[in-house]
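Okay, structure first, notes after.
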């Protein structure tokens, strides 16, 4: 398994986003499939132990890819317990198309689920991170057959205008054709503009009426989305929802993927496999009554 660098400065982060640094060390095969709107996607399938019917689908965040070290390590840890399909969402990594910030990526999730069913997995838990979390929830709201969902650093609401500095920076890129082109040249991420945004429901609304096991993980110090978003998501998830509020230092998305966290998430998925529910933890998010 690739060792985690002691520090991740700007150069290291740039090389990770470009896919220059990072690989999946655990045995795997390349998976290729197509979405219903004709986008060719690429992923890596890690067989995992045995031939169980349960599999994990892993969907990364914005400007990441399946080979980025944090995601490669997480996929490898989860594959110690169950087969894992980790994918490049459209506009990222080895996949075609252009990113729509979690909107049309719902179709990517649906296509990945179809691929997993096709190789014999009857139950799937989908793990979505940041933008990937939006994509997973959007797919579930559209009727995708998912048995359990884990979101990490998910937004509860789409903000217009953005109310945090990192979101404002992303928004400035999104609305500018020149900056979107620079993003492609600089990081290799193809990003569609606001004209391709379909105004989907907010993530808390996507969970409404959906009954499934759900785990929302959120950093206390997330610079993109406040912890109150996770509280709202847990409330919207109803009786089957559990929240983990990670202490300061977790930050946003893959920045919190330490070896200890990866092992804890793997154990939580094992608990879900055997009991049908995700476990709580001491710093859990208490769900509020649904309105």
Please count how many residues of the range 147-156 are touching a helix residue (DSSP H, G or I) at 6+ places or on another chain (Cβ under 7 Å) and in a loop (DSSP other than H, G, I, E, B). 4
Between 133, 70, 75, which is under 20 Å from residue 228 (Cβ atoms) and outside any loop (DSSP other than H, G, I, E, B)? 133
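Does residue 60 fit the bill of being under 21 Å from residue 154 (Cα atoms), at pLDDT 80 or above and buried (at least 16 other Cβ atoms within 10 Å of the Cβ)?
So residue 60 passes the test.
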Of the residues 85, 101, only one is over 24 Å from residue 158 (Cα atoms) and modelled with pLDDT of 95 or more; which? 85
Are any residues in the range 119-133 in contact with a helix residue (DSSP H, G or I) (Cβ under 6 Å, 6 or more places away or on another chain) and under 15 Å from residue 104 (Cβ atoms), and if so, which ones? 128
Failed condition for residue 111, given (1) outside any loop (DSSP other than H, G, I, E, B); (2) touching a residue at least 60 places away in the same chain (Cβ under 8 Å); (3) in contact with a helix residue (DSSP H, G or I) (Cβ under 8 Å, 6 or more places away or on another chain), with all others met? (3)
Quick one: which of 157, 185, 197 is more than 18 Å from the chain's Cα centre (by Cα) and over 29 Å from residue 114 (Cβ atoms)? 185
Across the range 209-225, what is the total count of residues that are surrounded by 17 or more Cβ atoms within 10 Å (Cβ to Cβ), assigned to a loop (DSSP other than H, G, I, E, B) and either at pLDDT 95 or above or within 15 Å of the chain's Cα centre (by Cα) (or both)? 3
Note down all Cβ pairs under 8 Å where the first residue falls in the range 121-146 and is on the phi > 0 side of the Ramachandran plot and surrounded by 23 or more Cβ atoms within 10 Å (Cβ to Cβ), the second is modelled with pLDDT of 95 or more and part of a helix (DSSP H, G or I), and they're at least six residues apart or on different chains. 130/253
Please go through (1) surrounded by fewer than 22 Cβ atoms within 10 Å (Cβ to Cβ); (2) modelled with pLDDT of 95 or more; (3) touching a strand residue (DSSP E or B) at 6+ places or on another chain (Cβ under 6 Å) for residue 26 and return the number of the only condition it doesn't satisfy. (2)
Selection from the range 157-204 of residues part of a loop (DSSP other than H, G, I, E, B), touching a helix residue (DSSP H, G or I) at 6+ places or on another chain (Cβ under 7 Å) and under 26 Å from residue 40 (Cβ atoms) yields 188, 189, 190, 193, 200
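Kindly evaluate residue 251 against the criterion of being at pLDDT 95 or above and assigned to a loop (DSSP other than H, G, I, E, B).
In short, yes.
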Answer yes or no: is there a residue in the range 222-230 that is closer than 19 Å to residue 279 by Cα and touching a residue at least 60 places away in the same chain (Cβ under 8 Å). yes
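The values are calculated or read from the model by the stated rules, or taken from the named source; none is laboratory data. This structure is a prediction, so every number in the text was calculated from the model and none was measured. All Cβ positions, even for glycine, are placed from backbone atoms using ideal geometry, and neighbour counts span all protein chains on display.
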